[in-house]
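Okay, structure first, notes after.
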Amino acid sequence: MAIELAEKAKELGLKYFLISYTDLFGSQRAKLVPASAIAGMQKNGAGFAGFATWLDMSPADSDMFAVPDPQTLTPLPWKKEVGWLASDIHMNGKKVEQGPRLVLKRVMEQAQTQGYQLKSGVECEFFLTLPDGSAISDPLDTAAKPCYDASALLRRYDVITEICDAMLELGWGAYQNDHEDANGQFEMNWNYDDALLTADRHVFFKFMAKSIAEKHGLRATFMPKPFLGLTGSGCHAHVSLWNGDQNLFEDEAGELGVSALGYNFIGGVIEHADALAAITNPTVNSYKRINAPRTISGATWAPNTVTYSGNNRTHMVRIPEPGRFEMRLADGATNPYLLQASILAAGLDGISKKTDPGKRLDINMYTDGHTVTDAKRLPLNLLDALRALEASETLKTALGASFVSSYAKLKHGEWNAYAAHLSEWERQATLDC
């Protein structure tokens, strides 16, 4: 039965709706709509100037409309009179092909025609910092190995539990929260589900964590590497492929309990890893995490080589148990929709080509990685990753050539702005050259 948002407003006591979409850089854009106007907005969408956000448009383009998906209605737990809605963007009566949510839906439709449904979960790591981001928020959080530190976790009890209580209230199945490997860093987990639902929740989680942190006078940042000596923030994705109630990756007879189809999917992720990095690691700062020197805690917990293993966190792909794998490449800056879309696109290509992922490695890549001479290295910077994405005919076809073109165009602009920046390091290192 169709959901009428005007009726939902009365039922839930909503005064306003936040009609939201996510642009190419993962930024959430929204308009605040009074409940009295939601019926028209549900039909026609809320109007935006696309060029004003990170989309490949110009000021001369027509109005863009964000048409809300009523299934995503989420009352804000910290401001219950407001209902959040994820939206799909349209222009001139047509879907905007570069829209990240639409990109994911297209790839999922491709999978569905083959009888596949992607289910996934994400591990969102973030730092709680001072409002200006200059330092972590807890001056007592100074341990060399702070991971799972009970005292540091409880000192941020009010923030973490308010976020967790909200997820429980929303029915996400939140099940654990912890202090992560860096000082000031946290992770919160909720149940895996259909990839689109996970992406919608991922978008909302970032918005919620930032909003609740601000309420407590702090800042939640998902920046990949905000502090050079500390472990960066990843966004590990746990991936499985289903047909109805059957997990197609699970096979008791398979190596590590994973089916041949599962290994072909991993093979696709391995083959396209350098191109995927442009999406999973989308900022200049991202490459300070995946190509980082040893941190204060003793390990970066991030990959720099394209390898896979069993229950071994030093590799890009980890198989922790039968029926699923963990993709450890992505970081906190990744666009939630594009993360899921790119993994699925690469995996489907691996299945169609029956791609062999190669030999499983069980070594410690941080200490013995130098002995592996035939594995691909991950890109050293955003420019290299973008060039790999642009050269990938597979991802262009799966994700959409117009999307890849638009995404790469805007990201090249970001890289060029970075390259044009004169840093203090340059002054110190070359002023007297």
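The values are calculated or read from the model by the stated rules, or taken from the named source; none is laboratory data. What you see is a predicted model, and the numbers here were worked out from it, not measured in a lab. Backbone-built Cβ (ideal geometry, glycine too); neighbour counts: all protein chains shown. For accessibility, only protein heavy atoms count, side chains too; no ligands or nucleic acids. Shrake-Rupley method; radii C 1.70, N 1.55, O 1.52, S 1.80 Å.
At 222 nm, what helix-only mean residue ellipticity would the chain give, in deg cm²/dmol to the nearest 500, using -39500 (n - 2.57) for each DSSP H run of four or more? Counting only the DSSP helices, I get -11000 deg cm²/dmol. Per residue, the solvent-accessible area of segment 153-257 (1.4 Å probe, heavy atoms of protein chains only, all protein chains present) comes to 40 Å². Highest mean packing first, where packing is the average number of other Cβ atoms within 10 Å per residue, the peptides 56-63, 271-278, 171-178 line up as 271-278, 171-178, 56-63.
Measuring nothing but protein heavy atoms, the accessible surface of segment 1-62 at 1.4 Å probe radius is 56 percent carbon and sulfur.
A cut-off of 5 Å between modelled amide H atoms, ignoring neighbours fewer than 5 places along the same chain, links K80 with no other residue.
So which lysines can K411 reach, going by Cα to Cα under 20 Å and dropping same-chain residues fewer than 8 places off? Once the sequence-local lysines are set aside, what remains near K411 is K225, K288, K396.
Each peptide in 237-248, 421-432, 15-26, 360-371 gets a packing score, the mean of other Cβ atoms within 10 Å over its residues, and the list from highest to lowest is 15-26, 237-248, 360-371, 421-432. Here's the list of aspartates and glutamates a cross-link from K43 could span, going by alpha-carbon distance under 17 Å and ignoring same-chain residues fewer than 8 apart: E4, E7, D63, D69, D88.
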